[in-house]
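No value in this document is a laboratory result; all are computed from the given coordinates. On a predicted model such as this, the values are computed, not experimentally measured, just so you know. Glycine also receives a Cβ, built like all others from the backbone with ideal geometry; neighbour counts cover every protein chain displayed.
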Amino acid sequence: MTDHPPSPYAGPPRVFSGVQPSGALHLGNYLGALVKFVALQDQMECLFCVVDLHAITAWQDPAALAAQTREIAAAYVAAGVDPKKAIIFPQSAVREHADLAWILNCVARLGWLDRMTQFKEKSGKHKERASVGLYTYPVLQAADILLYKATHVPVGEDQKQHLELTRDIAAKFNHDFGAPGFFPLTEPLIEGPGARVMSLRDGLAKMSKSDPSDQSRINLTDDADAIAGKIRRAKTDPAPLPETVEGLKDRPEADNLVGLFAALSGQTKARVLETRGGQGFGAFKPALADLMVETLAPVTQNMRRLMADPAEIDRILADGSERARAIAAPILAETRKIVGYWPGS
Ligand code: AMP
Ligand code: TRP
C-alpha cells in the first residue's frame, strides 16, 4: 500500500498481538505467533490479547466462547509467556477497543477494505451473507494495535496486509487531525521460517483451523502418535532433499517440511540442508516428527495442566485486563479529545 515518510512518533517501544478464540491452535499459530511472543517478552513491554471481538465476526457458540478464550490464554502461558512480564487479556474486557474501532472506521476508506484478501477468502462465494463485522475486521485490528500505540506486532505472514492497513489508518488519522506522530507507524515482525506454515496435504495451502482435513495440520493438542502419523502421511515428492535452498524451488511440500525442521530447531533452512541434504523422506520424516514431539509435548502438557485450573487462568486474565486498561484509557481519552467529542463524555 502507501509508502509513508519515517514516523515522527517518539513514544516507547511496545508489542501487541492477538489470537482468535475460534478453535484449536495448530503448529502454524505456534511457530508464526507464540514462539515470537516468548522471545519478545524480555525485550519490550508486551500485550498478548485473546481477540474474542474478532472471533464473533463468524458464528461462535456462546456456550463455548469463554472456554475457548481461556484455552488461548492457557496456550500463551504453556508456550512460555510469563503473565508477570507480559499482559495477557481478553479483548472484550477492555471496552476501549470497540470505542477506538468506531473512530477508525470513520478514518479507513471503503476502497482500502475492498482490497483485503483475507475478507475475500473468508467470505467466499457469498460475500453478501458475511457479517458486516467480518468486513471491518481489519479496522478493529488496527484499533487493537493503536489503542496501545504498539510499535511492533509479531504475526504470521497472512497478517501482512492487515498491518499495512494499520499503518495507512494511523498515517491518515495523524494527518487528518493535524496530530503528527500521535499514532506510531507500527512495524510488523513476520520474518523467519515459521511465518508461513503450509498444510501437510498441500504445500500451496496455508495450515489452517478451517481446513476440513485434520491430517492437514498438527494441533497443539495432538499426542506423539498423532504427530508421527500425520508427518508420516504428509505429502512429499519422490526426490531426496536438495543440498541448497534453491533446490527447494517448485517443491512446496519439501520446502514446508524443511522450513518446519528449521523453525523447530531454531536454524535457517540453509543450515538444515547442509546436514540433511541428500537424505530421503524415509529418514527425514521420523527425525522431523521426533523434533516436533520433543518441542510440543511440554507445551501440550502445560496446557492440559492449566486448563484443569480455570480459576488460575481467570486470575491471569483479570489482572491482565486491568493492566491493559491502564494503558488504553489515557490513549483513548486523548484520541477522543483530538476527534472533538463533547468533553463531558
Ligand atoms: P488466528 O488463528 O487466525 O487468530 O492466527 C493467530 C496467529 O497465528 C496470527 O499471528 C497468524 O498470522 C498466525 N498464523 C495462522 N496460521 C498460520 C500459518 N499457517 N503459518 C504461520 N502463522 C500462522
Ligand atoms: N487478525 C489476527 C489473526 O487472525 C488476529 C488479531 C486481531 C491480531 N487483532 C490483532 C493480530 C492485532 C495482531 C495484532 O491472526
Subtracting the Cα-Cα distance from 0.36 nm times the residue separation, let me have the gained length for Asp314 to Val339 in nm, one decimal.
-> 5.5 nm
Please give the helix 132-146 orientation as an angle from the longest Cα principal axis of the chain, in degrees from 0 to 90, rounded to the nearest 10.
-> 80 degrees
Set Lys122/Lys269; Lys160/Lys230; Lys122/Lys160 screened for pairs whose C-alpha atoms are more than 20 Å apart | Lys122/Lys269; Lys160/Lys230
Ignoring GluC sites (Glu not before Pro) buried by more than 14 other Cβ within 10 Å or outside DSSP loops, the longest site-free run in the chain is 1-190
Give the shape of region 1-138 as rounded, prolate or oblate, defined through the alpha-carbon gyration tensor: a ≥ b ≥ c are the square roots of its eigenvalues, a/c under 1.5 means rounded, and otherwise the shape is prolate if a/b is larger than b/c and oblate if not.
-> oblate
Among Arg70, Arg109, Arg196, what is the fewest-to-most ranking by other Cβ atoms within 10 Å?
-> Arg109, Arg196, Arg70
For Gly277, what charge total do you get from the other residues with a beta carbon under 14 Å from its beta carbon, if Lys and Arg give +1 and Asp and Glu give -1?
-> 0
Zone reached by a paramagnetic label modelled 7 Å from Gln43 Cα along Cα→Cβ, restricted to region 122-165 with backbone N below 12 Å, covers 152-155
Spin-label zone in region 146-180 - amide nitrogen under 19 Å from a point set 7 Å from the Cα of Leu204 along the C-beta vector = 158
Going fewest to most other Cβ atoms within 10 Å around each Cβ, Asp52, Asp250 line up as Asp250, Asp52
Round to a whole angstrom and tell me the spacing of the C-alpha centers of region 291-316 and region 230-281.
-> 29 Å
Would you please classify the overall shape of region 214-305 from the alpha carbon gyration tensor, given that a ≥ b ≥ c denote the square roots of the eigenvalues, rounded means a/c under 1.5, and beyond that prolate means a/b larger than b/c while oblate covers the rest?
-> prolate
How would you rank Cys46, Cys106, going from fewest to most other Cβ atoms within 10 Å of each one's own Cβ?
-> Cys106, Cys46
Where in region 210-261 are there trypsin sites (Lys or Arg not before Pro) that are in a DSSP coil and have at most 12 other Cβ atoms within 10 angstrom of their Cβ?
-> Lys249
What's the extension gain from Gln279 to Cys106 if we count 0.36 nm per residue and subtract their Cα-Cα distance?
-> 56.7 nm
Rounded to the nearest 20 Debye, what is the dipole magnitude of region 1-153 about its Cα centre when Lys and Arg each give +1 and Asp and Glu each give -1 at the C-beta?
-> 240 debye
Charged-residue dipole, Cβ positions (Lys, Arg, Asp, Glu), region 214-305 about Cα centre, Debye nearest 20 = 180 debye
In degrees, nearest 10, the alpha-carbon axis of helix 224-233 is tilted away from the dominant principal axis of the alpha carbons of the chain by 70 degrees
Enumerate the lysines that Lys337 could reach by cross-link, defined here as Cα to Cα under 22 Å, with residues fewer than 8 away along the same chain left out.
-> Lys149, Lys172
If the chain between Arg129 and Asn302 were fully extended at 0.36 nm per residue, the gain over the current Cα-Cα distance would be 58.3 nm
